[in-house]
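Peer 1: My questions will all concern the structure given below.
The values are calculated or read from the model by the stated rules, or taken from the named source; none is laboratory data. Everything numeric here is computed off the predicted structure, so don't read it as measured data. Ideal geometry is used to build each Cβ from the backbone, glycine not excepted, and the neighbour counts take in all protein chains shown.
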Amino acid sequence: MRIPKILGRSGNDRRLARGAEESALHAGGDPVFRIRGLTKTYGSGLTEVRALAGVDLDLYEGELIVLLGPSGSGKTTFLNNIGGLDVPTSGELRYRQLDLAAAGEDRLTQYRRISVGFVFQFYNLIPSLTARENVALITEIARDAMPAEAALEMVNLGARLDHFPAQLSGGEQQRVAIARAIAKRPEVLLCDEPTGALDVQTGIVVLEAIERVNRELGTLTVIITHNAVMADMADRVIRFSDGRVQSSHQNAQRALPSSLKW
Ligand code: ADP
Ligand code: MG
């Protein structure tokens, strides 16, 4: 994995250098996702909705991407397509050597199981299982998974292993959901409005957990939000409008989630 290898330095040096090194990486490296002319149309005739109207993007190993755009601009549709939850109507959608636009259901299931972690606005934890058991559900069927305890430690919940969801705050439940998503060490972490149901302070702690996963595991991470404040924590900010990429902007450096001004 390339990102951890180049991050030999520590602390602020590493943060400052990251943008430049990322650009240098992109010049030579193959993208994780190659997306060209991607469209997705729902329904037909009078009820037809064009959710994606021709998206062109390359997404690279280890990037932390914040995806912004108004409600209805196609963000969730895009995430579901690159996550193998939905298939495009037309266009090119490649994950490394895998053609996601042409893959059958079995191959998509395998792709989701091995390569993708999802985090949604609502945590979808099983109420009758503890934090540890919710994460272990996944680690038991994945290969090369980290122990559930290690995944929960990574999101700062090492002291809450045996709590049930009802005994945890919203932010803590979301961090269990993040631990569950990353315990199998997916190459890609897709987060759809992960702080949408949380207050500001709690949201920041959740973003800190996502940022740490991205930095320490080198997981290509996409965070959907309609909160433009979060743009500063990204390596790259992509804006959607009417089912298209309106802009893609590389930040010179990443801001810590705790420094974001809400
Ligand atoms: P965003 O996440 O940016 O709010 P979405 O990707 O959810 O946008 O939706 C983009 C457009 O596609 C919207 O007009 C939405 O109503 C429509 N849409 C999304 N999913 C479906 C679906 N399953 N069936 C029909 N229309 C859909
Ligand atoms: Mg959405």
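Peer 1: Just give me the residues in the stretch 185-220 being touching a helix residue (DSSP H, G or I) at 6+ places or on another chain (Cβ under 7 Å), within 16 Å of ligand 2 (Cβ to nearest atom) and small (Gly, Ala, Ser), in sequence order.
Peer 2: The one that is touching a helix residue (DSSP H, G or I) at 6+ places or on another chain (Cβ under 7 Å), within 16 Å of ligand 2 (Cβ to nearest atom) and small (Gly, Ala, Ser): ALA197.
Peer 1: Of the numbered conditions (1) surrounded by fewer than 19 Cβ atoms within 10 Å (Cβ to Cβ); (2) of a type in the set (Val, Ile, Thr); (3) under 20 Å from the mean Cα position of the chain (by Cα), ILE141 satisfies every one except a single condition; which is it?
Peer 2: (3)
Peer 1: So in the stretch 92-101, with the set limited to residues that are surrounded by 20 or more Cβ atoms within 10 Å (Cβ to Cβ) and not aromatic (Phe, Trp, Tyr), which one is farthest from ASP30 (Cα to Cα)?
Peer 2: So the first thing to find is which residues in the stretch 92-101 are surrounded by 20 or more Cβ atoms within 10 Å (Cβ to Cβ), and the list is 93, 95, 100.
Subsequent filtering for residues that are not aromatic (Phe, Trp, Tyr) retains 93, 100.
Details: LEU93: 14, LEU100: 17 Å.
Out of the qualifying residues, it is LEU100.
Peer 1: Please go through the stretch 240-262 and give me each residue that is over 17 Å from VAL222 (Cα atoms) and loosely packed, with under 13 Cβ neighbours inside 10 Å, ordered by number.
Peer 2: If the condition is that a residue be over 17 Å from VAL222 (Cα atoms) and loosely packed, with under 13 Cβ neighbours inside 10 Å, then ALA252, SER258, SER259, LYS261, TRP262 are the ones that fit.
Here's the yes/no breakdown for (1) more than 16 Å from the chain's Cα centre (by Cα); (2) closer than 17 Å to ILE82 by Cα:
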| site | (1), (2) |
| --- | --- |
| ALA197 | yes, no |
| VAL206 | no, no |
| ALA209 | no, no |
| HIS226 | no, no |
| GLY243 | yes, yes |
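Peer 1: Okay, moving on. Return only the number of the condition from (1) within 18 Å of GLN121 (Cβ to Cβ); (2) in contact (Cβ under 8 Å) with a residue 40 or more places away in the chain that VAL188 does not satisfy.
Peer 2: Every listed condition holds for VAL188 apart from (1).
Peer 1: Evaluate the following for GLY37: is it over 21 Å from ILE114 (Cβ atoms) and either surrounded by fewer than 17 Cβ atoms within 10 Å (Cβ to Cβ) or at pLDDT 95 or above (or both)?
Peer 2: Values: over 21 Å from ILE114 (Cβ atoms): yes; either surrounded by fewer than 17 Cβ atoms within 10 Å (Cβ to Cβ) or at pLDDT 95 or above (or both): yes.
For GLY37, the condition - over 21 Å from ILE114 (Cβ atoms) and either surrounded by fewer than 17 Cβ atoms within 10 Å (Cβ to Cβ) or at pLDDT 95 or above (or both) - is met.
Peer 1: I've got another one for you. Can you tell me which residue among LEU79, LEU64, LEU68 is away from ligand 1 (no atom under 13 Å from the Cβ) and surrounded by 15 or more Cβ atoms within 10 Å (Cβ to Cβ)?
Peer 2: Values: LEU79 fails: away from ligand 1 (no atom under 13 Å from the Cβ); LEU68 fails: away from ligand 1 (no atom under 13 Å from the Cβ).
The conditions single out LEU64.
Peer 1: Also, I was wondering about something else. Could you tell me how many of the residues in the stretch 226-239 are crowded, with 22+ Cβ neighbours inside 10 Å and within 16 Å of ligand 2 (Cβ to nearest atom)?
Peer 2: Total satisfying the criteria: 2.
Peer 1: Further question on the same structure: Is it fair to say THR89 is modelled with pLDDT of 95 or more, within 16 Å of ligand 1 (Cβ to nearest atom), β-branched (Val, Ile, Thr) and surrounded by 16 or more Cβ atoms within 10 Å (Cβ to Cβ)?
Peer 2: Values: modelled with pLDDT of 95 or more: yes; within 16 Å of ligand 1 (Cβ to nearest atom): yes; β-branched (Val, Ile, Thr): yes; surrounded by 16 or more Cβ atoms within 10 Å (Cβ to Cβ): no.
So THR89 fails the test.
Peer 1: Consider ILE223 against the criteria (1) under 22 Å from TRP262 (Cβ atoms); (2) in contact (Cβ under 8 Å) with a residue 60 or more places away in the chain; (3) buried (at least 21 other Cβ atoms within 10 Å of the Cβ); (4) away from ligand 2 (no atom under 16 Å from the Cβ): it satisfies all of them except one. Which criterion is unmet?
Peer 2: So the condition that ILE223 fails would be (4).
Yes/no per residue for (1) surrounded by fewer than 16 Cβ atoms within 10 Å (Cβ to Cβ); (2) among the polar types (S, T, N, Q); (3) free of Cβ contacts under 8 Å to residues at least 12 places away in the same chain:
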| position | (1), (2), (3) |
| --- | --- |
| TYR123 | no, no, no |
| SER128 | yes, yes, no |
| ASN156 | yes, yes, no |
| ILE178 | no, no, no |
| ALA183 | no, no, no |
| ASP192 | no, no, no |
| GLU216 | yes, no, no |
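Peer 1: Please state which of the following conditions ILE114 fails to meet, knowing it meets all the rest: (1) modelled with pLDDT under 95; (2) of a type in the set (A, V, I, L, M); (3) within 16 Å of ligand 2 (Cβ to nearest atom).
Peer 2: (3)
Peer 1: Exactly one condition in (1) touching a Leu at 6+ places or on another chain (Cβ under 8 Å); (2) at pLDDT below 95 is not met by ALA24; state its number.
Peer 2: Among (1) touching a Leu at 6+ places or on another chain (Cβ under 8 Å); (2) at pLDDT below 95, the lone unmet condition for ALA24 is (1).
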